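Encoded as structure tokens, the structure appears first; notes follow it.
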Amino acid sequence: MIKIRNIHKSYITGQNSLHVLKGIDLDVHPGEMISVMGASGSGKSTLLNILGILDNYDQGEYLLDGLKISKLSERKAAQLRNKKLGFVFQSFNLISFKNAMENVAMPLYYQNIKRKKRNLMALDYLDRMGIKEWAHHLPNELSGGQKQRVAIARALITNPKVILADEPTGALDSVTSLEVMDHLHEINKSGITMIIVTHEHDIAARTRKTIRITDGLITDIVNN
Ligand code: ADP
Ligand code: MG
């Protein structure tokens, strides 16, 4: 599903260049659920952003579902993200002035699906996440766990091939974290490939394989 070879990425700020990814190779097979661990600043989010076509890489090769991903226009990148990928972030990234249903429906707006159908589909996905009764509430009326379930429903609504989650439990208490992991497990069982960045060992241990990044390189792969 995902194949990357010798990926390098530097950030240039002013006169300074920071070499963040220093030659990453990774294969993620269809239906796999893997975690990525590493110290703060080791390059986890940079890697996830490249996999999510949210950022470019400088060198190497990236194949997503058989498609070569390199130097795409923003329009093409957005199309591919909408079609193949779902995102879950630590900070939920919900739109504050839209209710839960409208947040979940948002990706379908970009597929030109009519509002009524979008909202019906969103309600169905909220139902699957066990929070249909919160459909008409704004994000600031929801708990952290509820917000993340809204975000997961939003990630699922386009039926993506891959879900990329950057510290999805990072802002949640431990009980809620495990509930969110249960949802991610269920989703993975339905066949969606999943990559979860985390710095929590108990979260990583609940994925099949853990990749450790140290200073921009994969230094360990553990089967859990
Ligand atoms: P992690 O997610 O593992 O904590 P990141 O991938 O976010 O690490 O960051 C890796 C390094 O790159 C850090 O030193 C960070 O400060 C730097 N960095 C991340 N994003 C940018 C950016 N947009 N511009 C400049 N430096 C960045
Ligand atoms: Mg990060």
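Within the range 90-101, residues that are charged (D, E, K, R) reach partners that are assigned to a loop (DSSP other than H, G, I, E, B) with beta carbons closer than 8 Å, at six or more positions or on different chains, in the pairs K98/L138.
Yes/no matrix, rows are residues, columns are (1) under 18 Å from M129 (Cα atoms); (2) within 16 Å of ligand 2 (Cβ to nearest atom); (3) surrounded by 13 or more Cβ atoms within 10 Å (Cβ to Cβ):
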| residue | (1), (2), (3) |
| --- | --- |
| A171 | no, yes, yes |
| T176 | yes, no, yes |
| E179 | yes, no, yes |
| H183 | yes, no, yes |
| G191 | yes, no, no |
| T207 | no, no, yes |
| R212 | no, yes, yes |
| D215 | no, yes, yes |
| I221 | no, no, no |
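The lone criterion from (1) more than 17 Å from R149 (Cβ to Cβ); (2) buried (at least 20 other Cβ atoms within 10 Å of the Cβ) left unmet by D166 is number (1). Take the conditions (1) open to solvent by less than 30 Å² (accessible area, probe 1.4 Å); (2) over 22 Å from A171 (Cα atoms); (3) more than 16 Å from ligand 1 (Cβ to nearest atom); (4) touching a residue at least 60 places away in the same chain (Cβ under 8 Å); L51 misses just one of them, which is (3). Applying a threshold of 7 Å to beta carbon distances and a minimum spacing of six or more residues, or different chains, the list of pairs starting in the range 159-172 at a residue that is in contact (Cβ under 8 Å) with a residue 40 or more places away in the chain and within 16 Å of ligand 1 (Cβ to nearest atom) and ending at one that is part of a loop (DSSP other than H, G, I, E, B) and of a type in the set (G, A, S) reads L164/G52; A171/S91.
The values are calculated or read from the model by the stated rules, or taken from the named source; none is laboratory data. Every value quoted in this text rests on a predicted model; they were computed, and no experiment measured them. Here Cβ is always computed from backbone atoms with ideal geometry, including for glycine, and neighbour counts include all displayed protein chains. In case anyone asks, the SASA skips ligands and DNA or RNA and just uses the protein heavy atoms, side chains included. Shrake-Rupley method; radii C 1.70, N 1.55, O 1.52, S 1.80 Å.
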